[in-house]
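Structure, as structure tokens:
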Amino acid sequence: MSTEKIIKVNHVTRVEGHGNIHIKIRDGMVEECQWQVVEAPRFFEAMLRGRKWYELAHITSRICGICSIGHTITSLKATEAAMGVALSEQTEKFRRLLIHAENLQSHILHLGYLVLPDLLRVPSIIPLASTHKDEVLLVVRLHRLANEMSDLVGGRTTHPQRPVVGGFTKWPTTEELETLRQRLADSVPDVEAVASLIKSLAGELPQFIRETEYIGLTSADEYALYDGDIASTDGGTWPVDNYKEITNEYLVPHSTAKFTRHKRDSYMVGALARLNLNYDQLTPKAKQVAETFGLRPINCNPFMNNIAQLVEVAHSIEDSIRLIDDLLKNGIKDEKPSVSIRAGRGSAAVEVPRGILFHEYEYNKDGECVWANCVIPTNQNHANIQKDLEALVPEIKDRPQEEIELTAEMLVRAYDPCISCSTHCIFL
Amino acid sequence: MKLRLIEKSDLDLFVQNLINDYQVDGVKRKEGSFLYGSIKSPEELCLDFDCTVIPPKKYFLPPEETLFQFTSSPALQVTPVMESNPFILFGVHPYDIKAINQMDRIFARGVPDPHYLKRREAALIIGVDPTKVAPRSFWADMGAATVSEGFDLMLTDIGESFIVEIGSNKGRSLLEQHAKPRPATRNEARERVGIRSRISHICKKRGFAFPKREIPTLLEHSWKKFFWEEQASKCLSCGTCNLVCPTCYCFDVQDNIDLDLVHGERVRRWDGCLLHDFAKVATGENFRETRASRYRHRFYRKGLYLFRLLDDMACVGCGRCASACLPDIADPVNLFNKLREDEK
Amino acid sequence: MDKPRVAFFDFASCEGCQLQVINLEEDLLQVVGAVEVVSFREAMKGHSDDYDIAFVEGSITRHSDEERLEGIRRCAKVLVALGSCAALGGINCLKNFHDQEYVKKLVYGDKALLYETYPARPLKAVVPVDFEIPGCPINRNEFAMVVKAFLLGKKPEIPNFPVCVECKMAENICVFEKGMTCMGPVTRAGCGACCVTEGSFCWGCRGLVDDPNADSQRDVLATHGLSVQDVLGKFRLYTGFSEVAK
Amino acid sequence: MNQPMLEDSPYLPKWAEITRIEQLTESEKLFEMRLVSGEPLGHTSGQFVELSVMGIGEAPISISSAPTENDVFELAIRKVGNLTTAIHSSVTGDRVGIRGPFGTHFPVEEAKGKDLLFVAGGIGLIPLRSFIRFVLDHRDEYGEVMILFGARNPSERLFLHELEQWEKREDIIYLDSVDKSGPGWKGNVGVITTLFSKIHVDSSRTYCIVVGPPVMYRFVILEAKAKGIPDRQIFLSLERKMKCGIGKCGHCQINHLYVCQDGPVFRYTDIFDLEEAL
Ligand SMILES: Cc1cc2nc3c(=O)[nH]c(=O)nc-3n(C[C@H](O)[C@H](O)[C@H](O)COP(=O)(O)OP(=O)(O)OC[C@H]3O[C@@H](n4cnc5c(N)ncnc54)[C@H](O)[C@@H]3O)c2cc1C
Ligand code: SF4
Ligand code: SF4
Ligand code: SF4
């Protein structure tokens, strides 16, 4: 008698955007194993054509609600590169702070609302509100802090308003920053509590190893998020302007998103990639969290991306406190951005929660966009997800159907894919 | 009338002393404009402003205020919310004081409104004579260059010092306890008259090309004119002219309820007769459906309707509406002059 | 009263509006206590076709979306457009001003044929919509207000006056004073004039009020130095689908 | 600033309990209520209350019962919006908020000894009913009583039971009409003004009280004038949007008048030349 396991997860839940997993196992043979992106394409490149220089960050922010801060800042940097806009130290510090805010927002959302239910084997955080009330309130508290931090620095939790080409429209006051600093410091026990909660459940994370290439920003001065050069765990660094040598986008028929490859068939970006590349520059608390989970570079278990995110939560909190102290020491000046419009082309990269993000624009002399390209982290991960699935499914093919399904879904979710972004890639 | 004098060099001390004992609000600079806000140190206080964006009415009729809180279960319960924390409003121009005096009458007439009146009673108003005239102001032509009541103290900058007029007993003791005034000499008092007339003179450059007391009659036979439509065709129905006006007080009332569907509050917030739904009722009928009818209503209200109630026009000539209206059609001076022109 | 059954769906969008629902934080726990969420792909596994209220985010950009939306309409007693993409077409409609084949080629080159797309549109261009919560992203308090209104059997009241009203109430300095331009005078309020408050200007993300004076707004923008093309651009940013913007 | 300070907010409602609910038509219900404090409402015919449900809001509603009806009062309410829908879903025993009574009233005293011509259009009958019932309770204090009632169609006619009784009474004249006929309707068809040809009035001693939708006033007043009824003996009740009921919020303003305080009942001579009134 022939046995057949057909797994069709259409619209994987608890991820952002629409993706499908199709697996077919007949008589112990994996016949089909596919990661498909079925998100409606949105064609941001066309949307940007003819729009004004000050509108691009506003529009590209709408590529993704979850990484809107990352898109905004990358977009601003690209425009600034194209027009040769110089930034003040204060601006760069606040941008770093804002990126930490988003990293916290996004990682806590992912870990608390999207991954935790998997580890506790429930469909969502909702039932946990009654069974694990304290844990849920813990997650909510941290999430609220991250959102309020985004609000304070960026002027809104999603689609920030204050960051503009050349600087910010409005700055937090000294008192506001002092309060924020206090709240961040006070949140450390909450982070520890989340860490030990996840630690107690980490046994649920599959032990799966597949070697691959990890790509991210790197910098001599810091754990690179806001700025740096492109680096690979396979060796080598590249200036951001050369990003296309790395990303090599290509299309596959079963997806509306573009795929990318570098030296191997695929590469991975995101928290795990960053940690693999820049582990030494993490803050002490972050390293301590990594230690608890035995997470050391180079780790090739994609499921550990969740843990890498947790490590980054600790890092972002600690580094934010440092940044705030620095800002307070210098005093907040009411700087006004100044921009002189000119024709030009510029590219930029920022490490956003899901990995390295590139924007590149070309402007005419009136400051109208004539060409644009955005390469989104999840896009860069799609091929790696596919390769991981191809390696993972044969390892688990004899398990019950539900378990294969859950493990495959958990794999996809570990990447924290932002599918709605990934189709917005723009390339000419 | 007894006038006092305080040296300019003593003013900061006076303000500081007030801050020590009271909540003090006054005019502050923001992005090249002026706004009323809380004053934490004397340097923040600005007395040589021309006009604020939002008038001081916000202290008595806040943009949004809770009338009462309610609980709907297990038993229905309501608790009124009335604020009456004493505070000082430092630096109010005479035209704004005139507007407050009008508003006092409105909220006290018929059924008195204690939410307004308590706030009003809790306020000590320190007036200040303008030293600058905003580009669109015409308060001198509206008879609002000076006021004889509605303040506790009234300051006039005469160069090295301020003349202080005492408007109430509360004002007198406030001055005596927190500053070191001396009586003003007759010369100094005369100087005040001179300064006041000079600034009025500057302000008079804008005004009506005809006696303003004719405005009500002018309106009485202007109702059907095409003029209104022509003007209102540019109106954005944004209500800005209402909201920035110190004599506009219309409000909307709404319930806010918490997610538990048990606790909540009834609030009132600023409304404006220029807004589309202002006179619209549940059946869909709108008693002022067209832009022109709403636009006209505002001018009738200012120049005729409230005149019938208060024996005074409901415009003090601050010019806020004129400078805030983007298509520039809200200026009473332009409008009434045009209307009069049309008459001929 | 039985708890109303609520489902969330999305089409072409950034999912930022659903994120605002999650961002209700502790209030979200109250919301999920008062209603039964039967479908919320962004935040939960599982799904049911038995629901009373469907909150739908995103614009319709392809024929296959229409079928799915019609299915949702059939199941839902009340269909609410969540956010500007769903309510107005929003930012997605920016692509409508280019030839659709050109758009596909621009992004997908010689693989363009593989991708289906047509000019983006709001939900109401495809099925009847009961309520709209505009905003890019939505104001989460407004979302909570709508939920409470449903629970109370009340009609949710989305303001029908322009942003200038809330801007005055927030005591902002009008951006025209500061040498910038603003869509506030024709844009539906409900955001608390947040963009102006944060030092920016109103982009028009909540769409137009019921009876906007678009001509006067065009004049105002022109007087403040905008070219005809720029004025058009301002209207098209969010309300490209509506007639006034064309 | 020497005005008396009221400690109590005029925006605070008193509680009333719904004691009886009667479905009048498909969209109107009658609510009998009693103030929880036990006091009588103390209104005069023509006045209204602000009715509220916490969390929903408030709306002005005319008092439909006569002041003489002990400690209960009646409101007849058409379901059109938020508050009215909420009230329609309430049940006997529920508590609601009441403020008022507010506003002016019909010429109850002035018209004593005089003839009365009541003209009601649609739900205009709701406030008029209060006066009519008062008059019927004090029948010998008034002269001739005529009631003209018009509705859009038979199904929109309120207080059917009472209408039947009025029709049967010998001491009053009751006539009605519908704009559009409907199943089972055998009476007059036509707008309300067509009824005027069927009555005779002694114009100098007749008071004409008109309540109906805004469009009705102009035509009915013309008919009344044609009958020779002096302008100052014509009374009408106006409807406007209201938010406070105490002459502050500005929504009901017509000229210098606040309908909530200076109205809703007006003598025709006081408003005939006011723009926007009629
Ligand atoms: C003096 C007076 C007496 C009235 N008497 C009755 C009556 O006896 N029976 C009856 O069914 N209706 C009466 N109405 C009309 C009734 O007030 C409205 O139908 C009611 O306000 C609708 O409120 P809502 O909350 O259901 O509607 P929504 O559309 O939700 O209205 C919101 C709010 O707007 C205001 N508003 C809306 N429509 C009106 C209106 N027509 N008049 C005044 N304010 C309005 C109210 O404050 C209301 O709460 C009367 C109106 C007035 C002015
Ligand atoms: S007159 Fe001017 S300020 Fe007033 S509503 Fe019209 S456009 Fe706005
Ligand atoms: S109408 Fe205009 S000028 Fe007159 S008081 Fe009001 S805002 Fe000032
Ligand atoms: S800034 Fe914009 S929204 Fe605010 S008042 Fe000015 S035009 Fe209106």
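The values are calculated or read from the model by the stated rules, or taken from the named source; none is laboratory data. Fair warning: this is a prediction, and the values are worked out from it, not measured in the lab. Note that we place each Cβ from the backbone using ideal geometry, even for glycine, and neighbour counts take in every protein chain shown.
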**Prompt:** Before we move on, is A:Asn299 in a helix (DSSP H, G or I), under 21 Å from A:Val194 (Cβ atoms) and out of contact with any strand residue (DSSP E or B) (no Cβ under 8 Å at 6 or more places or on another chain)?
**Reply:** no
**Request:** Kindly list the number of the only condition in (1) among the hydrophobic types (A, V, I, L, M, F, W, C); (2) more than 20 Å from the chain's Cα centre (by Cα); (3) within 14 Å of chain B (Cβ to nearest Cβ); (4) assigned to a loop (DSSP other than H, G, I, E, B) that fails for D:Val91.
**Result:** (3)
**Complete:** Within the stretch B:267-289, of all residues that are within 8 Å of chain D (Cβ to nearest Cβ), closer than 17 Å to D:Ile56 by Cα and in contact with a strand residue (DSSP E or B) (Cβ under 9 Å, 6 or more places away or on another chain), the one surrounded by the fewest Cβ atoms within 10 Å (Cβ to Cβ) is B:Ala282
**Asked** If you scan the stretch B:95-116, which residues turn out to be more than 10 Å from chain D (Cβ to nearest Cβ) and free of Cβ contacts under 8 Å to residues at least 60 places away in the same chain?
**Response** B:Ile97
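Conditions (1) within 26 Å of the chain's Cα centre (by Cα); (2) surrounded by fewer than 16 Cβ atoms within 10 Å (Cβ to Cβ); (3) not in a loop (DSSP other than H, G, I, E, B), marked per residue:
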{"site": "B:Leu18", "(1), (2), (3)": "yes, no, yes"}
{"site": "B:Gly26", "(1), (2), (3)": "yes, no, yes"}
{"site": "B:Tyr36", "(1), (2), (3)": "yes, no, yes"}
{"site": "B:Glu43", "(1), (2), (3)": "yes, yes, yes"}
{"site": "B:Asp48", "(1), (2), (3)": "yes, yes, no"}
{"site": "B:Val53", "(1), (2), (3)": "yes, no, no"}
{"site": "B:Pro62", "(1), (2), (3)": "yes, no, no"}
{"site": "B:Phe68", "(1), (2), (3)": "yes, no, yes"}
**Fill in**
Being more than 16 Å from ligand 4 (Cβ to nearest atom) and out of contact with any Lys or Arg (no Cβ under 8 Å at 6 or more places or on another chain) narrows D:Glu58, D:Glu50, D:Glu32, D:Glu74 down to just D:Glu74
**Request:** Answer yes or no as to whether D:Gly121 is more than 18 Å from D:Ala16 (Cα to Cα), small (Gly, Ala, Ser) and either buried (at least 21 other Cβ atoms within 10 Å of the Cβ) or more than 16 Å from ligand 3 (Cβ to nearest atom) (or both).
**Result:** yes
**Item:** Leading residue by the ranking (nearest to ligand 3 (Cβ to nearest atom)) among those in the stretch B:315-329 that are more than 15 Å from B:Val147 (Cα to Cα) and not in a helix (DSSP H, G or I)
**Value:** B:Gly319
**Message:** If the requirement is being within 24 Å of D:Leu274 (Cβ to Cβ) and within 20 Å of the chain's Cα centre (by Cα), which of these qualifies: B:Thr240, B:Thr247, B:Thr283, B:Thr290?
**Reply:** B:Thr247
**Asked** Can you tell me how many residues in the stretch A:228-248 are surrounded by fewer than 19 Cβ atoms within 10 Å (Cβ to Cβ) and either aliphatic (A, V, I, L, M) or on the phi < 0 side of the Ramachandran plot (or both)?
**Response** 9
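For every residue, the table says whether it meets (1) in a helix (DSSP H, G or I); (2) touching a Lys or Arg at 6+ places or on another chain (Cβ under 9 Å); (3) at pLDDT below 95; (4) surrounded by fewer than 22 Cβ atoms within 10 Å (Cβ to Cβ).
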residue	(1), (2), (3), (4)
A:Val139	yes, no, yes, no
A:Leu152	yes, no, no, yes
A:Pro160	no, no, no, no
A:Glu178	yes, no, no, yes
A:Arg183	yes, no, no, yes
A:Ala202	yes, no, yes, yes
A:Phe208	no, no, yes, yes
**Message:** So, in the stretch C:186-201, exactly how many residues are farther than 30 Å from C:Val78 by Cα and either more than 11 Å from chain A (Cβ to nearest Cβ) or more than 10 Å from ligand 4 (Cβ to nearest atom) (or both)?
**Reply:** 2
**Asked** Does the stretch C:153-185 hold any residues that are within 7 Å of chain B (Cβ to nearest Cβ) and more than 21 Å from B:Ser33 (Cα to Cα), and which are they?
**Response** C:Asn160, C:Phe161, C:Pro162
**Message:** Let me confirm something: among B:Leu335, B:Leu306, B:Leu261, B:Leu339, which residue is outside the structural domain of B:Trp223 (by TED's automatic domain parsing) and either within 12 Å of ligand 2 (Cβ to nearest atom) or touching a residue at least 12 places away in the same chain (Cβ under 8 Å) (or both)?
**Reply:** B:Leu261
**Request:** Go through the stretch D:168-278 and tell me which strands (runs of 3 or more DSSP E), entirely inside it, have 1 or more residues that are touching a residue at least 12 places away in the same chain (Cβ under 8 Å) and within 16 Å of ligand 1 (Cβ to nearest atom).
**Result:** D:206-211, D:234-237, D:265-267
**Asked** Are any of the residues in the stretch D:95-112 more than 20 Å from the chain's Cα centre (by Cα), outside the structural domain of D:Arg232 (by TED's automatic domain parsing) and either surrounded by fewer than 20 Cβ atoms within 10 Å (Cβ to Cβ) or free of Cβ contacts under 8 Å to residues at least 12 places away in the same chain (or both)?
**Response** yes
**Request:** Provide a single number: the residues in the stretch B:235-266 that are crowded, with 18+ Cβ neighbours inside 10 Å and either away from ligand 4 (no atom under 16 Å from the Cβ) or more than 8 Å from every other protein chain (Cβ to nearest Cβ) (or both).
**Result:** 17
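Conditions tested, residue by residue: (1) in contact with a strand residue (DSSP E or B) (Cβ under 9 Å, 6 or more places away or on another chain); (2) within 14 Å of another protein chain (Cβ to nearest Cβ); (3) among the acidic types (Asp, Glu).
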position: D:Ile61; (1), (2), (3): yes, yes, no
position: D:Phe73; (1), (2), (3): yes, no, no
position: D:Ala86; (1), (2), (3): yes, yes, no
position: D:Gly100; (1), (2), (3): yes, yes, no
position: D:His105; (1), (2), (3): yes, no, no
position: D:Asp137; (1), (2), (3): no, no, yes
**Item:** Qualifying residues in the stretch C:41-59 (those that are more than 7 Å from chain A (Cβ to nearest Cβ) and modelled with pLDDT under 85) - the one surrounded by the fewest Cβ atoms within 10 Å (Cβ to Cβ)
**Value:** C:Asp50
**Asked** Going through the stretch C:15-34 one residue at a time, which ones are surrounded by 18 or more Cβ atoms within 10 Å (Cβ to Cβ) and touching a residue at least 60 places away in the same chain (Cβ under 8 Å)?
**Response** C:Gly16, C:Cys17, C:Gln18, C:Leu19, C:Gln20, C:Val21, C:Asn23, C:Leu24, C:Asp27, C:Val31
**Message:** Condition first: within 15 Å of B:Cys245 (Cβ to Cβ), of a type in the set (A, V, I, L, M) and within 16 Å of ligand 4 (Cβ to nearest atom). Now tell me which residues in the stretch B:303-336 satisfy that.
**Reply:** B:Ala322, B:Ala324, B:Ile329, B:Ala330
**Request:** Filter the stretch A:3-30 down to the residues that are of a type in the set (A, V, I, L, M, F, W, C) and either within 13 Å of A:Gln401 (Cβ to Cβ) or in a strand (DSSP E or B) (or both), then identify the one that is nearest to the other protein chains (Cβ to nearest Cβ).
**Result:** A:Val9
**Tally, over the stretch C:225-243, of residues that are more than 22 Å from A:Arg49 (Cβ to Cβ) and either buried (at least 16 other Cβ atoms within 10 Å of the Cβ) or at pLDDT below 90 (or both)** = 1
**Breaking point among (1) part of a strand (DSSP E or B); (2) crowded, with 24+ Cβ neighbours inside 10 Å, for D:Ser45** = (1)
